[in-house]
Amino acid sequence: MTQDLQGKTAVVTGGSKGIGYAIADALAAAGCNVMISARHADEVEEAARTLSDQNPGTVAGIMCDVRKHDDVRQMIAATVERFGGLDVLVNNAGVGKFAAMGELSPDDWHRVIQTNLDGVFFCCHEAIPHLRQQGDSWIINIASLAGKNPFPGGAAYNASKFGLVGFSEALMLDVRQFGIRVNYIMPGSVATHFNDHTPSAQDAWKIQPEDVAELVMTLVRFPSRSLPSRIEIRPTKPPRK
Ligand SMILES: NC(=O)c1ccc[n+]([C@@H]2O[C@H](COP(=O)([O-])OP(=O)(O)OC[C@H]3O[C@@H](n4cnc5c(N)ncnc54)[C@H](OP(=O)(O)O)[C@@H]3O)[C@@H](O)[C@H]2O)c1
């Protein structure tokens, strides 16, 4: 039996644009309450307003830098206070820095690792007590094919996403008996603002954010006895090299 999402509550980090926005949109359209978050308060507010206008679900936004444990604590507390619980945590917020080791500064390293790894840990740490109470809930981590394919210039990003894969698998084993299903999605190139990119018509060959959202919707509707835990998705026809 597929899951009815009406009235469930989700948090989507990095929900102001790109993949996170598309996931929030799809969850809200299915009747979920959704809390989106990101660092830029104006963008969060604007995205939450647009999503609320477009979807029957209830969407709210909050400024949260996932690198800051206190921000994350407040985001989860505000979600539970506003919507009465938490069923789905989507750890989507992430950044990339692509530079050879000689050009990679300690600040670059910390920014990538703290966002892509510490941030996920903080969100899980704060969310799990609430997810446990629901007894049938999800943690969905947006990893990357960079979590299995190293490439030159990828030292920080590869380390963060390989780390996220290991974290997700161990977490899955820790919490599945509580009814919390942990999944991680590993996309290839997605047409978003990632790494200061501006999406354009040239990106038509890439995965679109809505395609990743479609996967998330399949997961949260999956029969609760089964746990798809790792999903890879890549463009069907990338440009020939
Ligand atoms: N695009 C791709 O090709 C691709 C491929 C594989 C995996 N991914 C992964 O997909 C996820 C989403 O990326 P995207 O492609 O949608 O990029 P995007 O368009 O740049 O969106 C990133 C989102 O994360 C937020 N964010 C960044 N740092 C944050 C922080 N410290 N705290 C809270 N929010 C933060 C951004 O908002 P603020 O700047 O306002 O904080 C924004 O909402 C990332 O984890 C990325 O690694 C992307």
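Coordinate-derived values only; no laboratory data. A quick note: this is a predicted structure, and the numbers were derived from the prediction, not measured. Please note: Cβ atoms are built from the backbone with ideal geometry, for glycine as well, and neighbour counts cover all protein chains shown.
What to note about this one:
- For the chain: relative contact order, % (alpha-carbon pairs under 8 angstrom, 6 or more apart): 20
- Rounded to the nearest 20, the size of the Cβ-charge dipole of segment 1-156 about its Cα centre is 300 debye, with Lys and Arg at +1 and Asp and Glu at -1.
- Of interest is the spacing of the C-alpha centroids, which for segment 170-202 and segment 81-107 amounts to 10 Å.
- Between the helical axis of 69-83 and the longest alpha-carbon principal axis of the chain there is an angle of about 40 degrees.
- Close Lys-Lys pairs in the chain, where close means Cα under 28 Å and separation is 8 or more or interchain: 25
- Once backbone amide H atoms are built at 1.01 Å from N, Val34 has Ala10, Thr58, Val59, Ala60 as its partners under 5 Å, excluding neighbours fewer than 5 places away on the same chain.
- Cα centroid of segment 1-44 to Cα centroid of segment 213-237, whole Å: 16
- Restriction of the chymotrypsin sites (Phe, Trp or Tyr not before Pro) in segment 168-241 to DSSP coil positions whose beta-carbon has at most 12 other beta-carbons within 10 angstrom yields Trp205.
- For Gly166, neighbours were defined as the other residues whose beta-carbon sits under 13 Å from its Cβ, and their charges (Lys and Arg +1, Asp and Glu -1) total +1.
- Using the Karplus relation 6.51 cos²θ - 1.76 cosθ + 1.60 with θ = phi - 60°, the per-residue 3J(HN,Hα) values for segment 89-98 come to 10, 10, 8, 10, 3, x, 9, x, 9, 10 Hz, with x marking Gly and Pro.
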